[in-house]
Structure formats: structure tokens, C-alpha cells
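I have placed the structure first, in the form of C-alpha cells, so that the comments after it can refer back to it.
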Ligand SMILES: CC(C)(COP(=O)(O)OP(=O)(O)OC[C@H]1O[C@@H](n2cnc3c(N)ncnc32)[C@H](O)[C@@H]1OP(=O)(O)O)[C@@H](O)C(=O)NCCC(=O)NCCS
């Protein structure tokens, strides 16, 4: 169940990406649903292949797709990266990063890292000392380079359980 508004959770942030582009991170709103669903589908199909087959990516994109974003917003905390329009989003369920997607046309510019750091700060501000997530094969090295460690074997969908000690993540005031 989604907790009531928690003052420990950041509401929004403005930051500069490498290259000096200005990006805002804000809470998702109901009107974002279609854009976020589209980012999810395009990110999976364009960025997860060839670490997995096109068929596997199609299955992932289709999984729970009908109300995937609405459910995330209803049950968890969802933040959107905005550069004029939405370019990525992250979902946090207590101590777990439950989703991270960046529009393929905006990938490799630091948007995903900014969203991940924002999510980790939120988790840390909620009182957890460790962040958890399940990484698809295509994103495994990405998370390992950002301080996550394997804490089990991949499941039948090829998702690796990872965790990160948040001691090094500075809490926001
Ligand atoms: C994984 C994902 C969220 C990463 O998003 P992203 O915005 O491309 O991530 P970043 O730009 O922060 O980092 C990606 C790479 O680009 C590099 N990069 C970032 N800014 C850059 C810049 N200005 N110039 C060149 N390279 C840059 C980063 O160093 C990073 O490389 P590294 O992992 O070798 O360090 C995105 O690829 C995605 O949506 N994938 C499909 C869905 C998915 O797998 N989600 C995770 C599921 S568990």
C-alpha cells in the first residue's frame, strides 16, 4: 500500500546533466501515464536487445503492460525525468528500485544515473540502509558499475537480485 505523504521523500529536483542540459525530476501525475508506458515499451525494445532476444524483450514489455504504470503510481513512489517532455522514470517500493526506464533517444546522457541516485536518496531518507532491485541481464553491468552487488542467482526470467549499501549516499536535508 502507498504510504501517506512522507516529508522525508523528496518531491522534486532540478539538476544539470553532463553536457550542461537542465533536467527536472518530479513526482509522476496521472496525466503522465501514457507517456511513461510508451517510454517503458520503447526502452525495453530498443535498449534491452541484444542482451536478450527480441522475443524475450517483447514478453517483458507485454508483462503487466495494461496497467503497469497506473499500478506503480497507485502503489509506490514514481518520479519522472523531464526535459520539456518526460524522458525517463523510476519507481520505488520501500527499499526497492522497482523500475527504471529511459527513452532510447535520451539514453547515455546521464538521465538513468540521475534517476537512480534520486531513488537511492529517497530510499535512504526513508530510513533504509540498503537498496534492493532485480536487474535484467542488459542492465546488470550498469548497476554493478554503480555500486550494486549480486545477492543471489538469476531467476527464471533472467533477473538478478542486487543490493547496494547506501552508507555512501548522502541524505538530502
Ligand atoms: C538502463 C537504463 C535505465 C540506463 O539509462 P541511461 O539514461 O542510458 O543511463 P546513463 O546515461 O546514466 O548511463 C548509461 C551509460 O552512458 C554513459 N553516459 C552518461 N552520460 C554520458 C554522456 N554525456 N556522454 C557519454 N556517455 C554518457 C554512462 O557513463 C553509462 O555508461 P556506463 O554504464 O558504462 O557507466 C536504460 O538503458 C534503459 O532504460 N534500459 C532499458 C530498460 C532497463 O533495462 N531498465 C533497467 C531494468 S532493471
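With respect to being surrounded by 10 or more Cβ atoms within 10 Å (Cβ to Cβ), closer than 22 Å to residue 117 by Cα, modelled with pLDDT under 95 and in contact with a strand residue (DSSP E or B) (Cβ under 6 Å, 6 or more places away or on another chain), residue 43 falls outside the description. Would the range 1-23 turn up any residue that is without any contact (Cβ under 8 Å) to a residue 12 or more places away in the chain, in contact with a strand residue (DSSP E or B) (Cβ under 9 Å, 6 or more places away or on another chain) and part of a loop (DSSP other than H, G, I, E, B)? Looking through the range 1-23, at least one residue is without any contact (Cβ under 8 Å) to a residue 12 or more places away in the chain, in contact with a strand residue (DSSP E or B) (Cβ under 9 Å, 6 or more places away or on another chain) and part of a loop (DSSP other than H, G, I, E, B).
Are any residues in the range 24-40 surrounded by fewer than 16 Cβ atoms within 10 Å (Cβ to Cβ) and in a helix (DSSP H, G or I), and if so, which ones? Explain how you work it out, then say what you get.
At the first step, the residues of the range 24-40 found to be surrounded by fewer than 16 Cβ atoms within 10 Å (Cβ to Cβ) are 24, 27, 29-31, 34, 38.
The answer is 30, 31, 34, 38.
When the test is whether a residue is out of contact with any helix residue (DSSP H, G or I) (no Cβ under 6 Å at 6 or more places or on another chain) and under 23 Å from residue 28 (Cβ atoms), residue 147 does not pass it. The single condition among (1) in contact (Cβ under 8 Å) with a residue 12 or more places away in the chain; (2) within 15 Å of the ligand (Cβ to nearest atom); (3) assigned to a helix (DSSP H, G or I) that residue 59 does not satisfy is (1). Among residues of the range 88-107 that are touching a residue at least 40 places away in the same chain (Cβ under 8 Å) and closer than 10 Å to residue 47 by Cα, those with a beta-carbon under 8 Å from a residue that is more than 9 Å from the ligand (Cβ to nearest atom) and assigned to a strand (DSSP E or B) at least six positions away or on a different chain give the pairs 101/89; 103/86.
Is it true that residue 99 is in contact with a helix residue (DSSP H, G or I) (Cβ under 8 Å, 6 or more places away or on another chain) and surrounded by fewer than 17 Cβ atoms within 10 Å (Cβ to Cβ)? I'd like the intermediate steps shown before the answer.
Numbers: in contact with a helix residue (DSSP H, G or I) (Cβ under 8 Å, 6 or more places away or on another chain): yes; surrounded by fewer than 17 Cβ atoms within 10 Å (Cβ to Cβ): no.
When the stated conditions are applied, residue 99 does not pass them.
With the structure loaded, tell me whether residue 133 is near the ligand (Cβ under 9 Å from one of its atoms), more than 22 Å from residue 16 (Cβ to Cβ) and in contact with a helix residue (DSSP H, G or I) (Cβ under 9 Å, 6 or more places away or on another chain) or whether it fails that test. Spell out the reasoning first.
On the way: near the ligand (Cβ under 9 Å from one of its atoms): yes; more than 22 Å from residue 16 (Cβ to Cβ): yes; in contact with a helix residue (DSSP H, G or I) (Cβ under 9 Å, 6 or more places away or on another chain): yes.
It is true that residue 133 is near the ligand (Cβ under 9 Å from one of its atoms), more than 22 Å from residue 16 (Cβ to Cβ) and in contact with a helix residue (DSSP H, G or I) (Cβ under 9 Å, 6 or more places away or on another chain).
A single member of 105, 122 is part of a helix (DSSP H, G or I), more than 9 Å from the ligand (Cβ to nearest atom) and in contact with a strand residue (DSSP E or B) (Cβ under 6 Å, 6 or more places away or on another chain), and it is 122.
Just to check your reading of the model, which residue among 152, 64, 84 is surrounded by fewer than 16 Cβ atoms within 10 Å (Cβ to Cβ), modelled with pLDDT under 95 and farther than 17 Å from residue 44 by Cβ?
Working: 152 fails: modelled with pLDDT under 95; 64 fails: farther than 17 Å from residue 44 by Cβ.
Just one listed residue meets the conditions, 84.
The values are calculated or read from the model by the stated rules, or taken from the named source; none is laboratory data. In this text, all values refer to a predicted model and were calculated from it rather than measured experimentally. Cβ: placed from backbone, ideal geometry, glycine included. Neighbour counts: every protein chain shown.
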